[in-house]
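S.K.: Pasting a structure below so you can have a look.
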Amino acid sequence: MAIKTNKAIKISQKHLLGIQDLSVNDINYILDESEAFIKLNQSKNKKIDVLRGKTQINLFFEPSTRTQSSFELAGKRLGADVMSMNMGNSAIKKGETLIDTAMTLNAMHPDIIVIRHQDSGACNLLSQKVNCVVLNAGDGRREHPTQALLDALTIRNRKKKIQGLRIAICGDILHSRVARSNIYLLTMLGAEVNIVAPSNLMPKEIEKFGVNTFTDMKKGLKDCDIVMMLRLQNERMTSSYLSSNREYYEYYGLTPDKLDHAKSDALIMHPGPMNRGIEIDTRLADDINKSVIKEQVELGVAVRMACLKIFCE
Amino acid sequence: MKKQYFINAKIIDPHNSINENGGLIIGENGNIEAIGKKVNINNLPTREKPTDLKGKYIFPGIVDMKVFVGEPGYEYKENFRTLSNAALSGGVTSVVTMPNTDPIIDNVSIVDFLKRRGRDKSKINIFPCASLTQNTDGTNMTEFGLLAKKGIIAFTDGLKTIQNTRLMSRIMNSAKDLGCLIMQHAEDYDLAQNGMINSGIIATKLGLSSIPDIAERIIIERDLTLLEKTKCRYHISQLSAGRSVDIVKERKQNVKFTCGVSINNLSLNENDIGEFRTFLKLSPPLRREEDREALVQGLKDKTIDVIVSDHKPEDEESKRLTFAQAATGASGIETLLSLSLELFHNGSVKLETIIQALTSNPAKILNINKGNLSIGNDADFCIVDINKPWIVKKENLISKSKNTSIEDKKLQGKVTNTFVKGIELFKI
């Protein structure tokens with residue numbers, strides 16, 4: 001299958017570190033390019049050679065299932081040589097710093113490094129020290145740009161637009177890089193964004209990003225076109241943010257009665273992995289008429305292929 | 001030593017309320033023999049060759065109340081020799097060193113070592129602090145009385161805060177009995193937990209955990225409440241928030257205590273952190289511009305007594321990390337005076353107030369005979385070309401560590417000569 005490239009358009013950034021660095025044109029360019037890869041991924045022969053001869057290193061300092069496999073598949077389908085490093089077993093454990101690891105890998109002349117790290121800004125630091133392109137696969141609680149892009153692609157595919165939609169992002173906003181990237185992207189593309197979270201999980205001055213904030217989920221979901229649920233990140237919680245999971249589910253879990261406040265054709269999204277029965281009712285998660293969670297995963301590969309191709313050019 | 005004569009200087013000595021054009025005579029023993037307007041070319045014997053300062057300023061040697069030295073334990077970051085050279089280039093002739101070394105300065109035997117090293121390796125006056133609690137672990141207090149007899153002039157856990165209220169109350173009782181000065185780094189750990197920068201839009205944007213300004217306020221209010229009951233010599237090391245200035249101002253009307261501010265918090269705000277500049281990871285953190293303005297106002301109206309450098313040398317390896325992993329603190333003793341002068345040049349604070357906060361005020365709080373140009377005292381002073389422009393460059397810094405918070409900043413005003421006990425130890 002031939003992939004057409006719009007040669008006239010160029011991306012404004014060297015690296016993909018965050019949505020906040022991108023322009024509206026950049027975002028639309030990536031989303032448009034992704035469309036072709038959706039079809040490619042559904043066809044029999046899924047492999048092309050636009051990245052043949054290129055080396056992609058996936059540097060994952062945090063455990064990840066979908067993002068890591070998605071980036072790995074994306075690279076392989078584009079013909080790149082992909083190496084995934086699980087940094088749990090690496091020299092970092094022996095006391096090597098991120099910069100030294102970066103310099104070591106840089107000496108092997110990779111073309112792309114995909115990095116996931118528990119510290120905010122790790123990808124920025126890396127990008128200053130290596131010669132190749134750096135794609136951020138999630139840094140601390142700061143940004144997860146490809147997740148926001150795949151979410152946008154999913155919304156655009158289903159609703160045919162993003163501008164003017166009312167989108168609720170609900171749950172653990174404080175610890176969520178997905179929320180931050182989505183807020184930047186969706187507000188940039190003209191959506192109205194409602195943030196729903198208990199005060200303990202609401203970041204300070206988040207309203208300055210141009211969003212509406214709600215602690216009452218029913219009010220926050222009112223007339224929404226999209227309900228985006230986030231995972232409760234218990235591993236990042238160092239002290240008592242919540243009384244219990246069951247109380248959280250009662251007030252902030254997505255249940256049919258709360259969803260009734262959204263538009264009747266509202267779609268449910270979740271970046272995964274899900275805590276069923278904590279932030280989302282398991283029937284809603286699997287409701288094929290409402291939930292687009294599996295589609296998000298599918299489109300994730302396409303978006304990452306587009307990013308690899310665009311940033312590698 | 002030969003007698004030395006200086007004429008045509010502008011002299012500011014807040015301790016003696018001197019702010020006039022005049023000269024300075026240093027006696028043969030390195031003491032100040034005469035000072036002020038009466039020292040001029042018409043009153044000097046013709047055989048003497050006075051140095052004409054041509055309108056440069058003479059300030060008392062700066063007393064920097066908060067300095068970290070790497071010795072013992074972290075000599076690769078800073079030792080007494082490098083600290084003293086860095087200090088002299090900035091007009092600082094007396095420093096109060098923090099006890100956060102390895103080992104911690106918490107017992108009498110290590111104080112002897114420290115004083116010997118300070119005396120042998122340093123050309124400036126070193127006043128070491130001992131910790132408030134053993135190993136700065138916040139549980140058992142140190143021997144204030146015995147340590148004070150060995151020459152310790154103040155007690156602080158430096159980087160750390162006494163969290164336990166009962167312990168703080170007991171520390172204050174002991175300090176009162178023994179007449180000791182205690183200095184608190186005000187931060188409630190439960191509120192500040194894992195925090196790296198100020199709470200607000202910047203922290204949210206960078207995705208960094210944050211330290212709210214109430215973490216400072218709660219410790220200040222707690223300590224001042226205890227202080228009302230037990231009136232000891234109490235000093236808050238550094239304020240960082242506008243609200244803290246309000247509280248200090250209000251409470252100073254009823255209870256006696258003092259407080260300081262770091263030159264970093266007076267000159268920079270959280271926006272300077274930009275994209276994860278680890279050299280600006282400080283404790284207390286840089287806060288909003290409104291907070292910075294309130295601190296400047298607090299200095300101006302003398303709510304804040306002291307400006308410190310909060311000089312914390314860190315080697316490059318401790319800073320070339322992600323923001324979360326990077327060490328806290330910035331080097332700053334060499335730029336303390338020049339950066340403080342920015343507040344004078346931009347019309348925010350009177351020159352005399354700035355010099356007071358750098359010399360006579362800290363000396364008074366510490367109860368040491370430094371930071372003044374009184375006749376008969378050691379001639380510790382600096383000569384400053386107050387308009388000389390210069391640019392802060394990492395490679396030109398004298399300190400062993402180069403983690404300046406103001407790399408490439410253009411400053412106006414530079415120390416040209418520094419004297420300790422009448423001996424010129426620094427000269428451009």
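Bear in mind that the values in this text are calculations on the coordinates, not laboratory data. Remember, it's a predicted structure, so these values are computed and weren't measured experimentally. Backbone-built Cβ (ideal geometry, glycine too); neighbour counts: all protein chains shown.
S.K.: Quote the convex hull volume per residue of the range A:131-188, based on C-alpha atoms, as a whole number of Å³.
M.R.: 93 Å³
S.K.: Now for a different question. Return the equivalent ellipsoid semi-axes of the range A:6-107 as a descending list in whole Å, where each equals the square root of 5 times an eigenvalue of the C-alpha gyration tensor.
M.R.: In descending order the semi-axes read 28, 19, 13 Å.
S.K.: Then there is this: With the cut-off at 14 Å, report for the range B:226-310 the share of all Cα pairs above it, as a whole percent.
M.R.: 61 percent
S.K.: Express the C-alpha Rg of chain B as a ratio against the empirical globular expectation 2.2 N^0.38 Å, rounded to two decimals.
M.R.: 0.95
S.K.: For the cross-link pairs B:K10/B:K66; B:K66/B:K150; B:K121/B:K370; A:K14/B:K394, which exceed 22 Å when the distance is taken from alpha carbon to alpha carbon?
M.R.: Exceeds cut-off: B:K10/B:K66; A:K14/B:K394.
S.K.: Give me the distance between the Cα centres of the range B:95-147 and the range A:268-313, rounded to whole Å.
M.R.: Each part reduced to its Cα centre gives a spacing of 58 Å.
S.K.: Could you tell me the center-to-center distance, by alpha carbons, between the range B:359-424 and the range A:169-216 in angstrom?
M.R.: 48 Å
S.K.: Determine how many Å³ per residue the convex hull of the Cα atoms of the range B:290-360 encloses.
M.R.: 113 Å³
S.K.: Taking a quarter of the surface of the convex hull around the Cα atoms of the range B:192-249, what do you get in nm²?
M.R.: That works out to 4.4 nm².
S.K.: Expressed as a whole percent, how much of the Cα-Cα distance distribution for the range A:91-194 exceeds 15 Å?
M.R.: Roughly 67 percent, once rounded to a whole number.
S.K.: Here's a follow-up. For a Förster distance of 35 Å, can you work out the FRET efficiency between the beta-carbons of B:K2 and B:T416, rounded to the nearest 0.05?
M.R.: The computed FRET efficiency comes out at 0.95.
S.K.: Within straight cross-link reach of A:K39, meaning Cα distance under 21 Å, which lysines are found once same-chain residues fewer than 8 apart are removed?
M.R.: Cross-link targets: A:K4, A:K7, A:K47, A:K76, A:K159, A:K160, A:K161, A:K294, A:K309.
S.K.: Something else now. Based on a Kirkwood Rh over C-alpha pairs, give the Stokes-Einstein translational diffusion coefficient of the protein assembly as shown at 20 °C and viscosity 1.002 mPa s in µm²/s.
M.R.: Stokes-Einstein gives a translational diffusion coefficient of 75 µm²/s.
S.K.: Once every DSSP H run of n ≥ 4 in chain A is given -39500 (n - 2.57) and the sum is divided by its residues, what mean residue ellipticity at 222 nm do you get, rounded to the nearest 500 deg cm²/dmol?
M.R.: Mean residue ellipticity, 222 nm, calculated: -11000 deg cm²/dmol.
S.K.: Can I ask one more? For a distance above 21 Å, tell me the whole-number percent of Cα pairs in the range B:86-172 that qualify.
M.R.: 31 percent
S.K.: How high is the FRET efficiency between A:S23 and B:K427 when r is their beta carbon distance and R₀ equals 56 Å, given to the nearest 0.05?
M.R.: 0.55
S.K.: Mean projection of the alpha-carbon convex hull of the range A:218-313 over all orientations, in nm²?
M.R.: 7.9 nm²
S.K.: Further, regarding this structure: When a/c reaches 1.5 or more, the comparison of a/b and b/c decides; with that in mind, is the range A:26-173 rounded, prolate or oblate per its Cα gyration tensor?
M.R.: The shape class here is oblate.
S.K.: Okay, next question. If I model a spin label at A:T255 and A:M83 as a point 7 Å from the Cα along the Cα→Cβ vector, what separation in nanometres do I get?
M.R.: 5.1 nm
S.K.: Using the Cα centre as the reference, give the magnitude of the dipole from point charges on the C-beta atoms of chain A (Lys, Arg: +1; Asp, Glu: -1; all else neutral), rounded to the nearest 20 debye.
M.R.: 740 debye
S.K.: What percent of all Cα-Cα pairs in chain A falls in each 20 Å bin, counting up from 0?
M.R.: Distribution as computed: 34, 57, 9 percent.
S.K.: Additional query: Kindly provide the helix-only [θ] at 222 nm of chain B, computed as the sum of -39,500 (n - 2.57) over DSSP H runs of four or more divided by all residues, to the nearest 500 deg cm²/dmol?
M.R.: Per the formula, -8500 deg cm²/dmol.
S.K.: Can you give the FRET efficiency for A:D49 and A:T187, using 1/(1 + (r/R0)^6), R0 = 56 Å, r = Cβ-Cβ distance, to the nearest 0.05?
M.R.: 0.90
S.K.: For q values of 0.29 Å⁻¹, compute log₁₀ I(q)/I(0) with the Debye formula on a Cα-only model of the range B:362-428, without solvent.
M.R.: With no solvent term, the Cα-only Debye profile gives -1.14.
S.K.: Further, regarding this structure: Mind pulling the per residue volume of the convex hull built on the Cα atoms of the range B:1-157? Å³ is fine.
M.R.: 130 Å³
S.K.: Here is a follow-up. Using alpha-carbon pairs under 8 Å, 6+ residues apart, how would you state the relative contact order of chain B in percent?
M.R.: For chain B, the relative contact order is 20 percent.
S.K.: Which of B:C180, A:N41, B:S338 sits farthest toward the positive end of the charge dipole of the protein assembly as shown, with +1 on the Cβ of Lys and Arg and -1 on the Cβ of Asp and Glu?
M.R.: B:S338
S.K.: Mind jotting down the distance between the C-alpha centroids of the range A:8-67 and the range B:249-306, whole Å?
M.R.: Distance between centres, Cα-based: 45 Å.
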